[in-house]
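Just so it is clear, none of the values below were taken in a lab; they were calculated from the coordinates. Just so it is clear, the structure is predicted and the values come from calculations on it, not from any experiment. Here the Cβ is made from the backbone with ideal geometry for all residues, glycine too, and neighbour counts use every protein chain on show.
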Amino acid sequence: MLLSELYDTNKGYLVNDRVVIEADVAVRKVIDYWTYDSKKETGYVGLKNQGATCYMNSLLQTQYHIPYFRKAVYHMPTTENDMPSGSIPLALQSLFYKLQYSDTSVATKELTKSFGWDTYDSFMQHDVQELNRVLCEKLEDKMKGTVVEGTIQKLFEGHHMNYIECINVDFKSTRKESFYDLQLDVKGCHDVYASFDKYVEVERLEGDNKYHAEEHGLQDAKKGVLFIDFPPVLQLQLKRFEYDFMRDTMVKINDRYEFPLELDLDRENGKYLSPDADRSVRNLYTLHSVLVHSGGVHGGHYYAFIRPTLSDQWYKFDDERVTKEDMKRALEEQYGGEEELPQTNPGFNNAPFKFTKYSNAYMLVYIRESDKDKIICDVDEKDIAEHLRIRLKKEQEEKEDKRRYKAQAHLYTIIKVARDEDLKEQIGREIYFDLVDHDKVHSFRIQKQMPFNLFKEEVAKELGIPVPFQRFWIWAKRQNHTYRPNRPLSPQEELQTVGQLREVSNKTNTAELKLFLEVNHGLDLLPIPLLEKSKDDILLFFKLYDPEKEELRYIGRLFVKSSSKATDILGKLNELAGFSPDQEIELFEEIKFEPSVMCERLDKKASFRFSQIEDGDIICFQKKPSPEVEEQVRYPDVSSFLEYVKNRQIVHFRALEKPKEVDFCLELAKSNTYDVVVDKVAQRLGVDDPSKIRLTPHNCYSQQPKPNPIKYRSVDHLVDMLIHYNQISDILYYEVLDIPLPELQCLKTLKVAFHHSTKDEIEILNIRLPKQSTVGDVLNEIKSKVDLSRQDAELRLLEVFYHKIYKIFPLTEKIENINDQYWTLRAEEIPEEEKNLGPHDRLIHVYHFTKETPQNQMQVQNFGEPFFLVIHEGETLAEIKVRIQKKLQVPDEEFSKWKFAFLSLGRPDYLQDSDIVSSRFQRRDVYGAWEQYLGLEHADNTPKRAYSVSQNRHTFEKPVKIYN
């Protein structure tokens, strides 16, 4: 508050030069989440998030805390030879066991691997309801023929009855259906009971909407749903996500929606129950879990509130963290709706500021009171197979060992000891540059307080080299990013502890101490005393290159005088290499390899000091090649060979249609041009024309092909094909085209669905033509590929989107302007009757539609194949129906149930048989006439998924699939 406002006498804050301040102080326990221990604080542990798997974690925690379900999972047959990553039952058993007995959060990677998911799936957020259904379906299938067969049905399956009952005649049609969960409307309902009221709400079928009751004809009727029985575990999916037709997008419903702790589904004399229901079963439920979504329609976070034993204590399971929560937090705060911020200046009658709460419940799990003792049962180790207990206990022990190892890590340091043997083993096989890969040498875990001299005794025990014959050198990282032995440890340094030595000598700030162990061996390979090193002595390492074999190997090390010349050691090098004493050799200094190779010829007549040679440097040497050898070999000197090694790249090629299978590998160079790469691929595949090879890069994050292939000569080198952001892949995908790629890039491919007029068949055609071609050219190409009703038949090309015809393409339109990615291109013959329209005839659109959409019972939804129809002046609906039935070949019994309506902007106006249809349609042309059409209302009998797609599905999600 501004002081001027405080001092203003009209404001009333100051009275007699005094202001009174009141403060409300709320004291909350501050949780240090870095040190928070879920198991210690709550007795439960969480699940780790793999990237976007919080939705799965909340569901798995809910299922785990239904003990009857957990026990059934434990009793699913598995064997000791099964692997969790390939067996859903074993992976789920392992996960539940760890949740029950682990002290820390549990990973879900084995379970998602058993689903057949890759990294891409783990970073894709799905709908929980759909995952719940797909997983239960998969478990139900895997439980068949076992001792736990039928568990899913016993727990989650209920039944309801769909009925239509005539009002004026004695006729009733019923159909019994099962459900594993119920989808309840949130919009327009203030609580669960209101949703159930809406669920069983009776719809009147009268007027234009009468019901066709077999021998009774059209009758006034009432239609609805009643429940036959409810399951012991009742799963309620709250429809928080809906499709908004006005905005043409998915939206989240954040309205306030209440749900009770105790749910009575027998209320009002069993108003939700059918006459066939067993009234002796008491349908009183208690709330077990509340699954919450926090965020908007395009993303957010999932977590769950659960009371595992149905006591008053609730727990929040939020990925890795589990916390105790009170009932208000678990219930009232998850109702959604709006919340008011407390007023900052209550005396001014300011309007309260309200904000929408984006965290709210989307799934509720209730347990029937009469089944509570059976479902919340004891689950202990005797319910777990012995082989599983042994395996999982061993895993837990190994994990505990790792934890202890990590906890004590600050007391220890790692010393990595490289020897001549490591250099000989690695150089030319695993590495070519530098001297050794420190990750593959002898490693010692040593207490920091151990004196270094005692460490030397450990080395003597481990490597069999007596302490007097050991001399250790410190490795140093040079400015050019290479590692070289820099200097031997001094006697004073060897008196220090390992920890002190690491701190003093380790300038790279790593947790390791890297040492080179210098040991000299005699002819009998036994250690011999080390020579004293003077200041003038330099320790050099030597590699030998053979250009004919393309082989580089470590040959040994020597001490040289810095004042001496390379010519002084040529005899010794020939002896090390096994050459004749007078063999002429060339010497190179290996300097660096990043970012480019630097290996320079050494002047044999100059002193080592003059050439700036120092301890740890690497000298490569080879026989001086003759002109004949230089012509015959690929890399005549060590510099060119190292350049080749630097650029060498093993590329794994996969056929684009089988993106997870490696087909073959090629050794290429990163500097290879585009033409060289496709030439080598063509040779490997036996393709005569390399320009028919099309390559597609790899996405390192999704582990999938990138959406766009590489255009002809659009990249310069192989490395440009492999790079993905800051990573370099070693995977490329290939296709063998039927025409050269440059020619293909000048073409456009259209996917056209051709509808035959003489038979009920749709033929999918890929029409490939030059981009400057017209629609007329496309239709001519189609004529050459399909069977027509007559040779002179005319064709047209339509744009169909969401089961409506939006456009008839002019014959002159260029195909490069046509985008078939989002809608269907349909080709068909033009019927003769359409060619000879009379002056008063109309060509109208006819679409199929239904009002029984899951989002809104009164919302029109189109389906099936739309078509055109000629209507004549004065023609009645009854006359038009005859032609439509004949055209669509619909049986009389089914056709009698169809209703006909004139639709304008999505609103149906139902027609009677005597109505003159042409009077409703004012437009003569069919361009842009899709907003007015003749609608055929009937059931959508197109095949459905076994489990319907959830209405909570976000628009950006792909369907949940469990592959194994």
ask   = Where the only charges are on Cβ atoms (+1 Lys, Arg; -1 Asp, Glu), what is the dipole of region 138-249 about its Cα centre, to the nearest 20 debye?
value = 380
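Divide by every residue of the chain the summed helix terms, -39500 (n - 2.57) for each DSSP H run of at least 4, and state the resulting mean residue ellipticity at 222 nm, rounded to the nearest 500 deg cm²/dmol. Each step should come with its number before you reach the end.
Numbers: 27 runs with 219 residues, N = 964.
For the chain, the value works out to -6000 deg cm²/dmol.
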key: aspartates and glutamates with Cα under 12 Å of K477, excluding same-chain neighbours fewer than 8 positions away   = D434
query = According to the Cα gyration tensor, what semi-axes, each the square root of 5 times an eigenvalue, does the equivalent ellipsoid of region 657-781 have, listed from largest to smallest in whole Å?
reply = 33, 17, 14
task = For region 34-44, take each phi angle, set θ = phi - 60°, evaluate the Karplus expression 6.51 cos²θ - 1.76 cosθ + 1.60, and give the result in whole Hz per residue in order, putting x for glycine and proline.
result = 6, 10, 5, 10, 4, 5, 5, 7, 10, x, 10
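With +1 assigned to the C-beta of every Lys and Arg and -1 to the C-beta of every Asp and Glu, and no other charges, what is the dipole magnitude of the chain about the Cα centre in debye, to the nearest 20?
Working: 134 positive and 161 negative charges, 401 e Å.
Once rounded to the nearest 20, the dipole reads 1920 debye.
Stick to Cα atoms and the Kirkwood definition of Rh, then tell me Rg/Rh for region 543-679.
Here the Rg-to-Rh quotient is 1.10.
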query = In percent, how large is the relative contact order of region 528-612, given Cα pairs closer than 8 Å and 6 or more residues apart?
reply = 24
query = Of K252/K804; K572/K624; K271/K897; K176/K239, which pairs sit farther than 25 Å apart, going by alpha carbon to alpha carbon?
reply = K252/K804; K271/K897
ask   = Where in region 355-443 are there GluC sites (Glu not before Pro) that are in a DSSP coil and have at most 16 other Cβ atoms within 10 angstrom of their Cβ?
value = E430
task = Would you list, by chain and number, the aspartates and glutamates whose Cα falls below 13 Å from the Cα of K514, excluding same-chain residues fewer than 8 positions away?
result = D437, D439, E503
note = At 10 °C and 1.306 mPa s, the Stokes-Einstein diffusion coefficient in µm²/s for the chain, with hydrodynamic radius from the Kirkwood sum on alpha carbon pairs, is 43
note = For K113, the lysines lying under 16 Å Cα to Cα, once residues fewer than eight places off in the same chain are dropped, come out as K48, K138, K660, K961
Values of log10 I(q)/I(0), in the order q = 0.14, 0.16 Å⁻¹, for region 447-582 under a Debye, Cα-only, solvent-free model = -0.83, -1.03
key: chymotrypsin sites (Phe, Trp or Tyr not before Pro) restricted to region 53-158 and DSSP loop, no more than 16 other C-beta within 10 Å   = F123
task = Under 20 Å from a label point 7 Å along Cα→Cβ of E503: give me every residue in region 396-415 with its amide N that close.
result = 408-415
note = Sorted by chain and number, the residues with a modelled amide H under 5 Å from that of L668, at a separation of 5 or more or across chains, are Q649, I650, V651
ask   = How do 407-414, 161-168 rank on mean C-beta neighbours within 10 Å, highest first?
value = 161-168, 407-414
message = With an 8 Å Cα cut-off and a minimum separation of 6 or more residues, compute the relative contact order for the chain in percent.
response = 9
message = For a 30 Å ceiling on Cα separation, which of these pairs sit above it: K456/K549; K223/K357; K533/K605?
response = K456/K549; K223/K357
Vicinal HN-Hα couplings computed from phi for region 889-899 (Karplus, 6.51 cos²θ - 1.76 cosθ + 1.60; Hz; Gly/Pro x) = 6, 9, x, 4, 4, 6, 5, 5, 8, 6, 10
